[in-house]
1. Apply the a/c threshold of 1.5 to the C-alpha gyration tensor of segment 41-102 and tell me whether it is rounded, prolate or oblate.
2. Once both labels are modelled 7 Å past Cα along the beta-carbon direction, what's the residue 93-residue 71 spacing in nm?
3. How much length is gained on full extension from residue 46 to residue 102, taking 0.36 nm per residue of separation minus their Cα-Cα distance?
4. How would you rank 97, 71, going from fewest to most other Cβ atoms within 10 Å of each one's own Cβ?
């Protein structure tokens, strides 16, 4: 009977440990998840931060920085066509990210 209780206790302990580890996330995963939550709303492309732009699927850090650099040099991006003038962003990528951004 003691063996049964011991086995049951160990099983419960193992399950509890697995649940705790499953819910624990590395800092990078948390920040990306939080960033993705911000993408659920359209981001104003012309006022967004680097972190907000990085969270847009398909953009990444280099292209997000390229967007900021373009805006700093040329002013606001007014539409998807103008977005293709940013280094590294072609028509396909502009179309892919346009549902996530507004050009206000």
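1. Rounded, since a/c falls under 1.5.
2. Once both label points are built, they end up 1.6 nm from each other.
3. Taking residue 46 through residue 102 to full extension adds about 19.3 nm, to one decimal.
4. Ordered by Cβ neighbours within 10 Å, fewest first: 71, 97.
Coordinate-derived values only; no laboratory data. Not measured: the values here are computed from a predicted model. Quick reminder, even Gly has a Cβ in these numbers, built from the backbone with ideal geometry, and neighbours come from all protein chains shown.
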